[in-house]
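Asks: What follows is a single structure, and I will ask about it in a moment.
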Amino acid sequence: MSYVDEIYAKVVEQNPGEAEFHQAVKEVLDSLRVVIDANEEKYRKLAVLENLVEPERIISFRVPWVDDKGQVQVNKGYRVQFNSAIGPYKGGLRLHPSVNQGILKFLGFEQTFKNSLTGLPIGGGKGGSNFDPKGKSDREVMAFCQSFMTELYKYIGADQDVPAGDIGVGAREIGYLYGQYKRLTGLYEGVLTGKGLTYGGSLARKEATGFGLIYILKEMLTHNNMELAGKTVVISGSGNVATYAAQKAQQFGAKVVAMSDSNGYVYDPDGIKLDVVKEIKEVRRGRIKEYVDAVPTAKYTEGKGIWTVPCDIALPCATQNELNLDDAKALKANGCQAVAEGANMPTTREATDFIQANGILFMPGKAANAGGVATSALEMSQNSLRMSWTFDEVDAKLHDIMVNIFAKADDAAKRYGMPGNYVAGANIAGFEKVVDAMMAQGVC
Ligand code: NDP
Ligand code: 2IT
């Protein structure tokens, strides 16, 4: 059996019930086959793949808190410290009822390669809880965050592990988490990123994932003799990534016609009005269906189905496995020319294979959404320097990083005879740096 197949079989056997983790490992290992086969003896001897698929550490803990009725609630909390070969663990915290250890392992595994691709000194990690922030009061969210940090603070630090936001974690949650870390440790340090601008946050971090997605999309289009201006774009989700992807796409002259949340999607043939979306989502924490109250010419459809809206470019920016084979076929039938993943693993393996086999350009999440974590690393740099850069300075660095990530993925794909296969390119380029650092540091 090949080394790759052997390791994948072990991952399935030793991590039962963790479907998303299996999926992420398989997708990465499959596209690394060429590299691994060429170095099989050396990698086997050093157990490179065994090390790569096993998190360095998983911290799992109880999170008790009191709700507004005086009832004690208990959630599960986790931090997966996946790989520290190239820097302190770095990656977001997700608060969503679906969170479990397998999902956080898939995210931590992906994060390791993504962070490597940024070119910045950050290892891979991910954490979170099955706590559902939806419908909770600010006080309840604060109580949860304080309890979560009361356990987590023992394992993190500015040079050790630096969490940030992800689904369900934005400026409000980071603020409560930071306050509790400071109170428990007495340290005012860059232990979290995505902080508010008054206490160490970086300009452009909020926008970074969405902006970065559009910068790399534009790069991919340009290299394939296409333009973003004038294109029709569909974006799933209406959270942090989706909103700022839409904003940057519009700035470049594209027309965003649909956005969604977990209840349904809105279609606005005149182009989504982002001030309306921001008012609903960022100010009122409301539902996307409220969009039609402000824009009666738009149409709201309950349930899934956003990928049936005709578009030139599809940007899945909500969650994992939200774009399946049928969705990919619908996109193709409607003439879609490019897909770039704002979310982590939003496209199923079958859908990815179909998209690539049908000549639709495809940029995988670990390259496409790396702008968020890259800007988090820039926030860490600013905290260490005890300085802040201007919005334009951070944005320019973000732009350069995304252009570089495209170049690395493009180059690795070409080096291994798969030009245009940015999935393989991103995985290979991310892998090369992490594995080089792991081997240089010996058995540890
Ligand atoms: P937000 O919480 O701000 O927004 C998430 C959006 O996705 C919401 O519209 C939400 O709808 C929707 N969504 C979440 N879960 C589901 C689900 N199970 N089914 C359908 N819709 C869902 O999160 P972000 O925008 O920060 O994150 C979106 C994606 O981008 C995630 O995959 C995340 O891992 C990834 N990412 C985020 C980065 C960041 O910097 N924030 C960086 C890189 C990647 P609803 O409100 O109804 O739940
Ligand atoms: O998936 C991701 O890259 C993030 N949620 C951002 C992580 C970070 O540390 O900024």
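Asks: Residue separation times 0.36 nm, minus the C-alpha to C-alpha distance between GLU350 and LYS273: what's the value?
Replies: 24.4 nm
Asks: Need the C-alpha centroid separation for region 415-444 versus region 145-162, integer Å.
Replies: Answer, in whole Å: 30.
Asks: Still on this structure, please answer the following. May I ask you to derive the relative contact order of the chain, considering only C-alpha pairs under 8 Å and at least 6 residues apart, and to give it as an integer percent?
Replies: Relative contact order for the chain comes out at 15 percent.
Asks: Related question: Provide, as a two-decimal number, the C-alpha radius of gyration of region 276-328 over 2.2 N^0.38 Å, N being how many residues it has.
Replies: That ratio works out to 1.30.
Asks: Kirkwood hydrodynamic radius for region 41-152: how many Å is it when counted over pairs of different Cα atoms?
Replies: When all Cα pairs of region 41-152 are included, the Kirkwood radius is 15.1 Å.
Asks: If you place +1 on the Cβ of every Lys and Arg and -1 on the Cβ of every Asp and Glu, how big does the dipole about the Cα centre of the chain come out, in debye to the nearest 20?
Replies: For this selection, approximately 780 debye.
Asks: With unit charges on the beta carbons (Lys and Arg positive, Asp and Glu negative) and the dipole taken about the Cα centre of region 249-377, which residue among GLN356, THR301, SER262 sits farthest to the positive side?
Replies: Sorting the options by dipole projection puts first SER262.
Asks: Just need the relative contact order of region 38-166 here, percent rounded to a whole number, with Cα pairs under 8 Å and 6+ apart.
Replies: 29
Asks: Next question. Output the antiparallel fraction of DSSP beta bridges having both residues in the chain, as a percent to the nearest 5.
Replies: The antiparallel fraction comes to roughly 55 percent.
Asks: What FRET efficiency comes out for the pair ASP138/GLN73, r = Cβ-Cβ distance, R0 = 22 Å, nearest 0.05?
Replies: 0.90
Asks: Hey, another quick one. Using the Kirkwood radius over C-alpha pairs as Rh, can you work out the diffusion coefficient of region 316-444 via Stokes-Einstein at 37 °C, viscosity 0.692 mPa s, in µm² per second?
Replies: Estimated diffusion coefficient is 201 µm²/s.
Asks: Are any of the pairs LYS26/LYS366; LYS76/LYS397; LYS26/LYS195 more than 25 Å apart by Cα-Cα distance, and if so, which?
Replies: Beyond 25 Å: LYS76/LYS397; LYS26/LYS195.
Asks: A further question on this structure: Which of LYS69, LYS126, LYS136, LYS206 comes first, and how do the rest follow, when ranked by fewest Cβ neighbours within 10 Å?
Replies: Ascending Cβ contact count within 10 Å gives the list LYS69, LYS136, LYS206, LYS126.
Asks: Tell me which of ALA440, ILE156, ILE214 sits at the most positive position along the dipole axis of the chain, charges placed on C-beta atoms (Lys, Arg +1; Asp, Glu -1).
Replies: It is ILE156, whose Cα lies furthest towards the positive end.
Asks: Roughly what percent of Cα-Cα pairs across the chain reach past 27 Å?
Replies: 51
Asks: What translational diffusion coefficient, to the nearest whole µm²/s, does region 106-194 have by Stokes-Einstein, given a Kirkwood radius computed over alpha-carbon pairs, a temperature of 4 °C and 1.567 mPa s viscosity?
Replies: This corresponds to a translational diffusion coefficient of 94 µm²/s.
Each reported figure results from applying straightforward, stated rules to the coordinates on display, with no laboratory input. Just so we're clear, the structure is a prediction, and the values are computed from it rather than from any experiment. Note that we place each Cβ from the backbone using ideal geometry, even for glycine, and neighbour counts take in every protein chain shown.
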